[in-house]
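The values are calculated or read from the model by the stated rules, or taken from the named source; none is laboratory data. Bear in mind that the values here come from a model prediction, so they are computed numbers and not experimental data. Because the Cβ atoms are built from the backbone with ideal geometry, glycine has one as well, and the counts that use them run over all protein chains shown. Please note that ligands, DNA and RNA were not included when accessible areas were found on the heavy atoms of the full protein model with its side chains. Shrake-Rupley method; radii C 1.70, N 1.55, O 1.52, S 1.80 Å.
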Amino acid sequence: MIKKISHLGVAVKNLEEAREFYRSVLKLESSDPIIGGDGTLRVSMVKVGKVLIELIEPIGNDGVMAKFLEKRGEGFHHICYDVDDINAAILSLKESGMDVLGEPKPGAEGKSVFLHPRGTFGVLVELVEKEE
Ligand code: CO
């Protein structure tokens, strides 16, 4: 079902400051920001070998990411796994009693869906099926 880690999501207050840290201190390049989450966030991907770091900055104060930052502050947000077939994965996870949040939606890397952290030992999990 799961092939590999696709990316690690990190919540940041200021995307440009975070990208500058990755560029100048860690010497890692990041992609030009795109708008995601139905206009509630800006996202930039940092490539580290075969894994990406997804830097996520909220737009406005009302989105899910803005609320996360307010409550928890900057830092680790979610882990995203690559799956072959997202619908098959969702079916299997639901059979195991997992709380799948909504339907798969197009995201930064492909169709993705989240699992509630209450069933995953406290880690927000994203599954992505990449477009070939
Ligand atoms: Co993600």
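Within the stretch 70-89, restricting attention to residues that are in a strand (DSSP E or B) and open to solvent by 50 Å² or more (accessible area, probe 1.4 Å), which residue is nearest to the ligand (Cβ to nearest atom)?
Applying the filter and picking the extreme gives 81.
Restricting the search to the stretch 69-112, which residues are under 25 Å from residue 45 (Cβ atoms) and touching a helix residue (DSSP H, G or I) at 6+ places or on another chain (Cβ under 6 Å)?
Result: 83, 100, 104, 111.
Being open to solvent by 60 Å² or more (accessible area, probe 1.4 Å), over 16 Å from the mean Cα position of the chain (by Cα) and either within 13 Å of the ligand (Cβ to nearest atom) or at pLDDT 95 or above (or both): is that true of residue 20 here?
yes
Quick one: what pairs do we get from the stretch 1-14, first residue closer than 15 Å to residue 110 by Cα and of a type outside the set (Gly, Ala, Ser), second open to solvent by less than 50 Å² (accessible area, probe 1.4 Å) and assigned to a loop (DSSP other than H, G, I, E, B), C-beta under 9 Å, 6+ apart or different chains?
7/109
Can you find a residue in the stretch 57-66 that is in a strand (DSSP E or B) and loosely packed, with under 13 Cβ neighbours inside 10 Å?
no
I'd like the residue in the stretch 27-48 that is surrounded by fewer than 14 Cβ atoms within 10 Å (Cβ to Cβ), at pLDDT below 95 and on the phi > 0 side of the Ramachandran plot and, out of all such residues, is nearest to the ligand (Cβ to nearest atom).
The qualifying residue nearest to the ligand (Cβ to nearest atom) is 38.
From the list 92, 112, exactly one residue is touching a Leu at 6+ places or on another chain (Cβ under 9 Å) and open to solvent by less than 60 Å² (accessible area, probe 1.4 Å). Which is it?
Of 92, 112, the one residue that is touching a Leu at 6+ places or on another chain (Cβ under 9 Å) and open to solvent by less than 60 Å² (accessible area, probe 1.4 Å) is 112.
Filter the stretch 95-109 down to residues that are exposed (fewer than 13 other Cβ atoms within 10 Å of the Cβ) and outside any strand (DSSP E or B) and give me whichever is nearest to the ligand (Cβ to nearest atom).
Across the stretch 95-109, the extreme among qualifying residues is 96.
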